[in-house]
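The following block contains the structure, expressed as structure tokens.
The values are calculated or read from the model by the stated rules, or taken from the named source; none is laboratory data. All values reported here derive from a predicted model rather than from experimental measurement. Cβ sites come from the backbone with ideal geometry, for glycine too, and all protein chains shown count toward neighbours. Surface areas here come from the heavy atoms of the whole protein model, side chains and all, with no ligands, DNA or RNA. Shrake-Rupley method; radii C 1.70, N 1.55, O 1.52, S 1.80 Å.
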Amino acid sequence: MKKALVVKKQEDFNRIIQNGKCLKNRNFVIYFESNDLGYDKFGISVGKKIGKAVVRNKYKRKVRSIIDEYKKVYQNSRNYIIILRKNCLEISHEEIKTSFFNLMKKEKGAKDEK
């Protein structure tokens, strides 16, 4: 994932979480809002309950690879904040991938906010 496609600032994270729409399942919480950039931006958050830094970074890399694999499916000019839940530790990479993809398909059908 290119650096231009990443949400990094804490203010942006907070704004998207407070003002954006939300979709949830057992493995992920995804907040999203539209942007005027013409491309999607992603922020990934893995809490300390998931594990130590090595484990958290491993799961961030997994989510980034899934995003890169499916990026053509959900090009719709939005900012996304993806929060991993602890349940991701108990399932395989393929199950994480299908869970994420199913949640993004729901988002594709969701109405644009406000």
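Any idea how far apart ARG15 and PHE101 come out in nm if each label point goes 7 Å out from Cα toward Cβ?
Label-label distance for ARG15 and PHE101, simple model: 3.3 nm.
Do the alpha carbons of any pairs in LYS52/LYS72; LYS62/LYS105; LYS21/LYS86; LYS21/LYS58; LYS41/LYS72 sit beyond 25 Å of each other, and which pairs?
LYS52/LYS72; LYS21/LYS58
Output the 0 to 90 degree angle, nearest 10, between the alpha-carbon long axis of helix 53-70 and the longest principal axis computed from the alpha carbons of the chain.
Helix 53-70 sits roughly 50 degrees off the main axis of the chain.
Which of the following values of mean projected area of the Cα convex hull in nm² was calculated from the structure shown: (1) 6.8; (2) 9.8; (3) 7.7?
(1)
Using a 1.4 Å probe on the protein chains only, how many percent of the accessible area of the chain belongs to carbon and sulfur?
Answer for the chain is 49 percent, counting heavy atoms of protein chains only.
Hey, can you grab everything whose amide H is under 5 Å from the amide H of SER45? Only 5+ residues off in sequence or another chain; H modelled, so Pro and N-termini drop out.
Amide H to amide H, under 5 Å and 5 or more residues apart or across chains, SER45 pairs with ILE82, ILE83, LEU84.
Counting heavy atoms of the protein chains only and a 1.4 Å probe, report the per residue accessible area for the chain as a whole number of Å².
62
Would you work out the charge dipole size for the chain about its Cα centre, treating the Cβ of every Lys and Arg as +1 and the Cβ of every Asp and Glu as -1, and quote it to the nearest 20 debye?
Roughly 420 debye, rounded to the nearest 20.
Within the chain, which is the longest segment that contains none of the chymotrypsin sites (Phe, Trp or Tyr not before Pro) sitting in a DSSP loop with at most 16 other Cβ atoms within 10 Å?
Looking at the chain, 75-114 is the longest stretch - no exposed chymotrypsin sites (Phe, Trp or Tyr not before Pro) with at most 16 other Cβ atoms within 10 Å.
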